[in-house]
Every structure is written in C-alpha cells, then in structure tokens.
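Right, one structure below, let's go through it.
The values are calculated or read from the model by the stated rules, or taken from the named source; none is laboratory data. Everything numeric here is computed off the predicted structure, so don't read it as measured data. Counting neighbours? That spans all protein chains shown, and the Cβs are built from the backbone with ideal geometry, glycine included. Surface accessibility is based on the protein's heavy atoms, side chains included, excluding ligands, DNA and RNA. Shrake-Rupley method; radii C 1.70, N 1.55, O 1.52, S 1.80 Å.
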Amino acid sequence: MQDEQNTTANIIYNLAHLGISIKDTKYFDIEVYAKLIELEVKTMSNETPIRRATQKDIDLFLL
C-alpha cells in the first residue's frame, strides 16, 4: 500500500512540475507520461541542446 501511495504522489508531483493538470491526463496513457518524464530528465540534465521553440514546434505539439 505504501509503495502505491509513493508512486501516486510521485506521478502527481511530476505532472504538477510539468504544468499538467490531473484532469488533462485522461487524454494520454502511461507511455506518453513516461516520454514526458524522459524529456524532462534530459532537459534538466542538459543532455539535449537548448533551443527556443518555433511556431512550427508549437503547431506540431498542438495538432
């Protein structure tokens, strides 16, 4: 039971850190969540070069 609570708390914390509401998570599955966390870890560890998002990036994300 404690492990489940810790996992749930970590997921909620990660979503909040990414600016994603729990309500919005109904639109993606655990694989999408895992990919978001992977991208966040890469960003925080500076593994990927930082660049500004272009309008094309934003359009691709939203569509």
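Accessible surface for the chain, divided over its residues, is 92 Å² per residue with a 1.4 Å probe. Size descriptors for the chain (Cα atoms only): Rg and Dmax, in that order, 13.9, 45 Å. In this simple spin-label approximation, LYS23 and LEU36 carry label points 7 Å from Cα along the Cα→Cβ vector, and these lie 1.5 nm apart.
Couplings for the range 30-35, taken from phi via the Karplus curve 6.51 cos²θ - 1.76 cosθ + 1.60 with θ = phi - 60°, read 5, 5, 5, 4, 4, 5 Hz in order; Gly and Pro are left as x. 3J(HN,Hα) couplings calculated from phi for the range 53-63 with the Karplus curve 6.51 cos²θ - 1.76 cosθ + 1.60 (θ = phi - 60°) are, in sequence order, 6, 9, 4, 4, 4, 5, 4, 5, 5, 7, 8 Hz; Gly and Pro show x. Tell me the chymotrypsin sites (Phe, Trp or Tyr not before Pro) within the range 11-63 that lie in a loop according to DSSP and have at most 11 other beta-carbon atoms within 10 Å. Those that pass, being in a loop and sparsely packed, number zero. In a reduced charge model with +1 at each Lys and Arg Cβ and -1 at each Asp and Glu Cβ, the range 1-62 shows a dipole moment near 320 debye about its Cα centre. Counted residue by residue at 0.36 nm each, then reduced by the alpha carbon distance between them, the extension gain from THR8 to ASP57 reaches 14.6 nm.
Ranking LEU62, LEU36, ILE11 by how far each Cα lies toward the positive end of the dipole of the chain (charges on Cβ) leaves LEU62 at the top.
If the segment from SER45 to ALA16 were pulled out straight at 0.36 nm per residue, it would be longer than the present Cα-Cα gap by 8.5 nm.
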